[in-house]
Amino acid sequence: MVLPSTVSDQSIAQAAELLRQGELVALPTETVYGLGADASNPQAVAKIFAAKGRPADHPLIVHIASASQLSDWAENIPETALQLAAVFWPGPLTMVLNKKAAVPLAVTGGQDTVALRVPANPVALALLRAFGGGIAAPSANRFGRISPTRAEHVAEELGDSVACILDGGPCSVGVESTIIDLSTDKPAILRPGRVTRSQLKAVLKTDIALSPQTKIRAPGMMAVHYAPNTVAFLCPGDTFISMVDELCSQGKQIGVLTFSAQFAELPCQCCLQLPADAMHYEAALYNALRELDKMHLDNILIEQPPQTEVWAAVNDRLEKATV
Ligand code: TXA
Ligand code: MG
C-alpha cells in the first residue's frame, strides 16, 4: 500500500513523471484531495474510474495551472469565464465550458463540455507546473463516499490503487468546489461550494440559476452522495434533544455532530462539536463524519445548520449524507 509522502521539489518532480507515465497521483487541493491522472491520456483516465468504482459516464474536473491554459481545453470561452477566473482563480471554483475537440471523451463522460479549475493549494500548483498539462482529478474517495480532506483518508481508501500520495496536510476549505455551468448563455450553479452565488452574481452582474438548466449529469447532484456508512439523520436544533432521547431509549448507539455548545453534554456514545461559523465548520466536516463512521455506531445525528447562504455548501452535503 502507498503511504502519503512528504512534499519536496523531488517528490513533486517524481509525481509529475508518474503522471507522464500514465499513473495515478493523489494530490492535495484547498477543497479536498484529488485522484489525478494525465487528462490528455484516456488510458490513464480510465484508471481513475477503475480505482473509484465510478460509472464511466460521470465527468471529471480538469485542473490547470493558470487561466492562460483555458484555451487548451475549452472553446467559445465566454467573457464571463475570464471575469470569474480573474477574481476566483486560483480557488474553489470550477467552470463548465464547451470542450475542445481534442479533449478525451473519457474525461467528460461523453459530454461536449469540460469542467476546469485552477486550485489554490501550493502543492497542487507546483505539481501542475512541473507536469505542464491538465490533471483530471475527481475527489480521491471510492464512488459515493465522503471526500478525503487529509492524505491519510486517501491512503485508507485508495492506497492500493495509486502510485503516489502527496501529503499537503489538511485541506483548508474542506468541501468540493462550487461548480458553475457557463456552457450556455444562462449561467447555473451545479454544485454549491465556498464561492457563493452572491459572490458570483456580484462579478457577473446577472442572475445565476441554482439548478442545472441542461441535461448535464453531475454525480455530486445525486440524492445519496458523500455518505457515511452509518445511517445519519439531519435534525433541527429545537427537536435535537428529543431525537437523541428517542434513539437512546431504543437502545441505539449514537454519535452526534453539533455546532451549538448547548448540545455538548448529551448522553450519547460520542459527541463532536464543530465550530459555529460556516467556514470552520466546513473545513472540519468530512473528517468529523469519517471519525464518527469509524466508531460503527447505529446512527449519526447531525444538528441542522441555518438555511443561510454561507451554509449552502454544508447544507447541500449534509442533505446528501443523511437519510
Ligand atoms: O473541489 C473539487 O472540485 C474537487 C477537487 C479535487 O478539485 N474535485 C471534485 O471532483 O469534487 P468530483 O469528480 O468528485 O466532482 C466533480 C463534479 C461532479 O459532480 C461532476 O459531475 C461535475 O464535477 N462535472 C465534471 N464535468 C462536468 C461537466 N462537463 N458538466 C457538468 N458537470 C461536470
Ligand atoms: Mg467526488
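The values are calculated or read from the model by the stated rules, or taken from the named source; none is laboratory data. Keep in mind the model is a prediction, meaning the values are calculated, not measured. Counting neighbours? That spans all protein chains shown, and the Cβs are built from the backbone with ideal geometry, glycine included. What goes into the accessible areas is simple: the full protein's heavy atoms, side chains included, and nothing from ligands, DNA or RNA. Shrake-Rupley method; radii C 1.70, N 1.55, O 1.52, S 1.80 Å.
Which is the longest stretch in the chain that no exposed loop site breaks, taking sites as trypsin sites (Lys or Arg not before Pro) with a DSSP loop state and at most 11 other Cβ atoms within 10 Å?
Free of exposed loop sites, the longest segment is 1-204.
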> Sorting Phe49, Phe233, Phe240 by accessible area (1.4 Å probe), largest first, what list results?
Replying inline: Phe233, Phe49, Phe240
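With viscosity set to 0.890 mPa s at 25 °C, what whole-number translational diffusion coefficient in µm²/s follows for the stretch 231-321 from Stokes-Einstein and a Kirkwood radius over Cα pairs?
Result for D is 187 µm²/s.
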>> Going by amide H atoms built from the backbone, whose H comes under 5 Å of the H on Gly36, apart from near neighbours?
In response: Val25, Ala26, Leu27
> Among Ala51, Ile146, Ala321, whose Cα sits farthest toward the positive end of the charge dipole of the chain (+1 at Cβ of Lys/Arg, -1 at Cβ of Asp/Glu, about the Cα centre)?
Replying inline: Ala51
> Sequence-distant or interchain residues sharing an amide H contact under 5 Å with Gly144, placed H: which?
Replying inline: Tyr226
>> Give me, ordered by chain and number, the residues 5 or more places off Leu301 or on other chains with an amide H under 5 Å from its own placed amide H.
In response: Phe233, Gly255, Val256, Leu257
>> Just to compare against my own numbers: the Cα pair-distance distribution for the chain, 10 Å bins, whole % per bin, please.
In response: 6, 27, 33, 22, 9, 2, 0
>> What three numbers, in Å, describe the spread of the alpha carbons of the stretch 1-93 along their principal axes, ordered from the longest?
In response: 45, 33, 22
>> Past the 13 angstrom mark, what percentage of all C-alpha to C-alpha distances in the stretch 47-89 do you count?
In response: 64 percent
> What's the FRET efficiency of Ser71 with Ala276 using the Cβ-Cβ distance as r and R₀ = 41 Å, to the nearest 0.05?
Replying inline: 0.40
>> With every protein chain kept in place and ligands, DNA and RNA left out, what is the accessible area per residue of the stretch 254-298? Probe 1.4 Å, answer in Å².
In response: 45 Å²
> 222 nm [θ] for the chain, helices only, -39500 (n - 2.57) per DSSP H run of 4+, per residue, to 500?
Replying inline: -9500 deg cm²/dmol
> Carbon and sulfur atoms: what percent of the 1.4 Å accessible area of the chain do they account for?
Replying inline: 53 percent
